Amino acid sequence: MSLLLSELAGRFMPHLMLAPIALPLFTATLTLLMREERQRVKLALNIASTALGLLIAVALLRWTHQASTPAGMGVYLQGNWAAPFGIVLVLDRLSALMLVLTSAIALCAIVFAGTRWHRAGVHFHTLYQLQLMGLAGAFLTGDLFNLFVFFEIMLAASYGLLLHGSGRARVQSGLHYIAINLAASSLFLVGASMLYGITGTLNMADLARCVPLVATQDLGLLHAAASILATAFLIKAAVWPLNFWLVPAYSAATAPVGALFAVMTKVGIYTLLRLWTLMFGSEAGASALFGGAWLVGAGMVTMAFGAIGMMASQRATQQAGFAALLSSGTVLAAAGFGQNQLTAAMLYYLPGSTMAIAALFLLADLIERWRTDGTALSADDGEEAPFLTPELVPGSGLNLDDEEEVLVGRAIPAAAALLGLAWLMCTLVIAGMPPLSGFVGKFAMLTALLNPLGLGSSAGVRPGAAGWALLALLIGTGLLSLMALTRAGIRHFWTTSERLAPRLHVLEGLPVAALLSACVALTLGAEPVMRFTQAAANSLHAPDTYIRAVLQTQPVPSPTAAPVPSVTPGAAQ
C-alpha cells in the first residue's frame, strides 16, 4: 500500500502538493452551498474529504523519504513565477510529517463528532474544512505573507469552531481567544513588515540568503523584527506567560474541536523551528543562533507551568489543556538547543504526544457524560478508599450490592474497560512512561542531551546548565503528569459508587482507539520513524538544500518558448 501511494505521488508531483489546500477548500465550498438540514450528507462529505486528505498526506510523506528524492524536497510554483517573486509551496520531511499528523487527528475528530457534536451549531463542516485548509497552507507555504494569510484562515475558522455548541463558557473564553490572537496577528504583520524593510523579501529561502548579508548597523533592527515576529508565534504556541488563554478556551470547546486544536499550538512551534533554522542557523554570520537561549528558557518554564497545572486541575478537559502546554514547552525547549540529535528525538516525540492529547480531549467528553448520566460521585472524600478499611481489606457490608451479591470479581462493562484502558494509555504517553512512544521519545531526548555527538562519540562533552535543567524537567514533569493523571483515573474509574455503565457509540470509541493505536504503531516502528525524523532534523539544520531547491526551481516554459535547462535539486512545476 505504501509503495503504491509513493508511486502515485511521484506520478502527480509536484501538482499533488496543492491537494492538501485545494481539497478542503472545495469541500468547504460544497458544504456551504448545502442546506443545514442535510447534515448526514455534509458529514459524509467531511469524513470522505478528510480521509482522502490523509491518504494524500501519507503519499507526500512517502515521496519525501524515497531514494529518488535524496533531498526530500518538492517545490511548486503556483503562478509559474520563479522565487522570490512568485508564490511557492515547499514540501519537505517536516512539513509532510505535520500534514500526516493533522490529517490523522482531523479524521478521528470528525468521526467522533458524527455521533452528535456536528449538529450542535450551524456551518460546522464548512468551518472544519477551512480549518484544515489553513493548517495545510501554513505547513506548505514558503512565503511569510502567505503564511499570514493561511494563519488568518485557520484562526477565523477556529473562532467559529470554538463557539460551536454555544453556552456562556464558550462565548467568554472565545472572546479572550479572539482578542489574544488578533493581537498576535498584529505583531505578525509588524514583524513581517520590518523584515521586508530590512531585506526586501518575504520569501523564506530568500530571507535565509539575505540575513548573513545584513549590514552591521542594521543588525539591531533585524533582531528586533525577528523578536516581534517570534512573539507572535510564541503566543500561538501558548508559551508562558502568553498562554493564559489556552486552557479556558480548549477546555470549553466541544470534544472534537478540542482534539483538533491539539495541533494548533504545534503550528506556532513548527513556524518558529522553520524560520529559526533558516534565518539564524549556524551559517547566519553575526546572527547565528540568535534567540536560541530564549527559546530554551521559555520552553522549560512552559513545561513546568503545564505540569503544575495538570496537578492543580480537577477536570479532565483542563488536564488535557495543560498537557498541551507541557507538550509545547518540551518541543520548544528541545528545538532551541539547535542540535541534530535532539531535534530528531523531539520530532519523534511530537506526533505521539499530540495524538495522546487529542485522545484525552475525546476521552474527557465521554467520561464527563458518563459521570453526569449516572448518580453522583461517592460522598466520601476522605483519604481512605470508600470500599476498604484502614488495613486495606474489604469492610463488612461494603462489598455487597443491593441484592447482597459480592462485587469483587464481577465483570467490568466493556465500555468502562475501554475508557479505563484508553485513559491508562494516554497517561503513559503523556507522562513518558514505558512501553509506549512517549517513553521512547523522552528517552531519545535524554540520550541526545547526555551524548550530543552520538553514543560513543561524546566523551568529555557535557550538557551544560541548560541541558541538565532540561534533563531534570523531562523527568520531573513526567512524574508530575503521571501523578495527576493517575489521581484523576482513580477518581473516575475506581472510587465511584452506584454509577451506571457508560453508553459508548462505535463512532466514539473507534477514534480514541485509532489515535492510541497510532501511538502503539510509533513504538513498534520506532527505528524507521527515528531514521525519518533524523533525516528531517539534518535537513533543518543544513538549510542550504532548502534554499537552493526554492531559489533554483525554474518556471515551466511555454510550449512556444525554447526549453530552459533545470538545475533544481527539488521538484519544479
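Values for this structure:
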read-out	value
Phi to ³J(HN,Hα) by Karplus 6.51 cos²θ - 1.76 cosθ + 1.60 over region 153-164, Hz, x for Gly, Pro	4, 4, 6, 4, 5, 5, 4, x, 5, 5, 7, 4
For region 12-103: accessible area per residue (Å², 1.4 Å)	43
Computed label-point distance, nm, for sites VAL190 and ALA465 using a 7 Å Cα→Cβ extension	3.1
For region 23-126, convex hull volume per residue from C-alpha positions, Å³	116
Residue-span extension gain [ILE308 to LEU32] - 0.36 nm each, minus C-alpha spacing	95.1 nm
Portion, in percent, of the accessible area of region 265-372 that falls on carbon or sulfur, probe 1.4 Å	63
3J(HN,Hα) from dihedral phi, region 97-110, Karplus parametrisation 6.51/-1.76/1.60, rounded to Hz, x for glycine, proline	4, 5, 5, 5, 4, 4, 5, 5, 5, 4, 5, 5, 5, 6
Length added when fully stretched, LEU289-LEU175, from 0.36 nm per residue minus Cα-Cα	37.4 nm
TRP494/VAL520 FRET efficiency (R0 25 Å; Cβ-Cβ; nearest 0.05)	0.55
Euclidean distance between Cα centres, region 138-168 to region 291-307, Å	25
Rounded if a/c under 1.5, otherwise prolate or oblate - region 216-322, Cα gyration tensor axes	prolate
Extension gain, GLN78 back to MET483 (0.36 nm per residue minus Cα-Cα distance, nm)	140.8 nm
Taking all pairs of distinct alpha-carbon atoms in region 168-236, Kirkwood radius in angstrom	13.3
From phi via Karplus (6.51, -1.76, 1.60), per-residue ³J(HN,Hα) for region 24-30 in Hz, x at Gly/Pro	x, 5, 5, 5, 4, 5, 5
Charge tally in the Cβ shell below 13 Å around MET34, where Lys, Arg are +1 and Asp, Glu are -1, MET34 excluded	+2
Neighbourhood charge, 13 Å Cβ-Cβ cut-off, centred on THR115 and excluding it, Lys, Arg +1 and Asp, Glu -1	+3
Net charge, VAL331 excluded, C-beta distance under 15 Å - Lys, Arg +1, Asp, Glu -1	+4
Amide H within-cut-off set for ASN203, under 5 Å, with H built and near neighbours excluded	LEU144
LEU421 paired with VAL41, simple spin-label distance in nm, labels 7 Å along Cα-to-beta-carbon	3.9
Straight-distance crosslink candidates among lysines, where the alpha carbon sits under 27 Å from LYS442 and sequence neighbours closer than 8 are dropped	LYS236, LYS266
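The values are calculated or read from the model by the stated rules, or taken from the named source; none is laboratory data. It should be emphasised that the depicted structure is a prediction, and the values quoted were computed from it without experimental measurement. All Cβ positions, even for glycine, are placed from backbone atoms using ideal geometry, and neighbour counts span all protein chains on display. Accessible surface is based on the protein model in full, side chains and every heavy atom, while ligands, DNA and RNA are left aside. Shrake-Rupley method; radii C 1.70, N 1.55, O 1.52, S 1.80 Å.
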